[in-house]
1. Taking Rg and Dmax of the Cα atoms in Å straight from the coordinates, which label in (1) 18.7, 55; (2) 20.8, 80; (3) 23.9, 94 is the correct one?
2. If we count every other residue with Cβ under 14 angstrom of W229's Cβ, Lys/Arg +1 and Asp/Glu -1, where does the sum land?
3. Where a ≥ b ≥ c are the square roots of the eigenvalues of the C-alpha gyration tensor, would you call region 100-176 rounded, which needs a/c under 1.5, or, failing that, prolate if a/b is larger than b/c, or oblate?
4. Order by neighbour count: L248, L110, fewest other Cβ atoms within 10 Å first, most last.
5. What ranking do I173, I21 get, fewest neighbouring Cβ atoms within 10 angstrom at the top?
6. Using 7 Å Cα-to-Cβ label points, what is the S266/A20 separation (nm, one decimal)?
7. Restricting to Cα pairs below 8 Å that are 6+ residues apart, what does the relative contact order work out to for the chain? Please round to a whole percent.
8. Count charges around L249 for me, please; just the other residues with Cβ under 14 Å from its Cβ, Lys/Arg as +1, Asp/Glu as -1.
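Taken together, the values in this text are just the output of simple stated rules run on the coordinates, not laboratory data. As the structure is a computational prediction, the values presented were derived from the model and not from experiment. FYI the Cβ positions are ideal-geometry reconstructions off the backbone, even for glycines, and counts take in every protein chain you see.
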Amino acid sequence: MSLALGATCPPFDLPGTDDAIEVWSFEPDPKLDVIRSGHDAVTAVAFAPDGERLVVGTRDGALALWSGGAARELGSIHESVVQLRAVPRGERTVVAGASGALWLVGDGPLRTLGAETDAITALACSPDARWLVVGTAVGTISLYDLTTRTRTPIVNAETWIEFVGFSADSRQIAFSTNGRMQIAEIDRGPSGAPRLTTGPGRLALSAHYATFSPDNVWLAATGDHGDLWFHRAADDRWVYVTTGIAQLLQGLFSGDGSQFVATDPSGRGLVIDMHAAAFR
């Protein structure tokens with residue numbers, strides 16, 4: 001099962017093990033709609049940046065754009081769709097196939113973006129719509145330029161990549177492997193190719209997932225045993241929160257950055273007030 005959240009919070013959806021998709025809306029009142037892909041089981045979903053349209057991928061490779069209860073077929077990649085990521089500021093969506101192939105769809109015909117030689121385990125688009133970062137099952141991370149479709153390998157870790165993400169200003173990449181999180185800035189090498197910086201500016205901590213506040217002031221990372229780390233780069237301030245929850249899943253900041261919300265596997269929610277004294 002995968003989860004997609006609307007850009008402004010109202011709708012979110014949950015694909016199941018068949019062609020059904022549950023679309024939940026919370027404004028003005030809670031409401032559940034169920035749509036069916038009309039193809040094989042739904043394996044990936046992503047809201048368009050406007051939060052109103054939904055891109056759906058299925059096990060047989062079919063892609064469709066849902067809007068107002070109606071679907072428009074976008075084509076097929078002829079293999080199982082494993083992940084979808086909407087590219088900010090436009091109509092495009094990145095499609096990852098089971099073979100490691102990558103595609104772009106949405107602002108024209110379906111077209112290839114590139115390919116990884118191993119299974120893709122993590123995927124993220126930068127907020128400025130310039131970059132795509134891709135992690136694989138063998139520990140490699142590649143950075144794709146979404147304009148030129150150029151692929152640059154940037155990390156070769158020992159084990160599979162469980163998470164990748166960007167800072168709110170698109171200048172940093174966060175990634176985790178084997179429960180170890182690293183955050184580094186995107187730089188340019190002597191050849192002009194992108195690379196990740198090394199040295200004092202690079203952070204490393206025991207965590208599985210990370211996210212940045214909308215204003216890029218705070219980094220929040222979730223680890224084992226309910227651990228939460230918050231880091232403010234401006235003054236190198238760290239705030240550690242122990243929650244008593246066995247395991248926290250990836251958390252999110254609210255749209256205005258005033259709250260941080262995370263859940264545990266049972267569905268219990270944790271809300272952190274970012275205006276509390278500890279964060280001042």
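1. For Rg and Dmax of the Cα atoms in Å, the calculated option is (1).
2. On the way: positive: R180, R232, R237; negative: D224, D227, D236.
With Lys, Arg at +1 and Asp, Glu at -1, the net is 0.
3. Numbers: a/c = 2.06, a/b = 1.24, b/c = 1.66.
It comes out oblate by the Cα gyration axes.
4. Numbers: L248 25, L110 14.
Result, fewest neighbours first: L110, L248.
5. Numbers: I173 24, I21 20.
Arranged by neighbour count, lowest to highest, I173, I21 become I21, I173.
6. Label-label distance for S266 and A20, simple model: 2.6 nm.
7. Working: 736 pairs, mean separation 20.0, N = 280.
The value is 7 percent.
8. Numbers: positive: R268; negative: E162, D224, D227, D264.
So the environment of L249 carries a net charge of -3.
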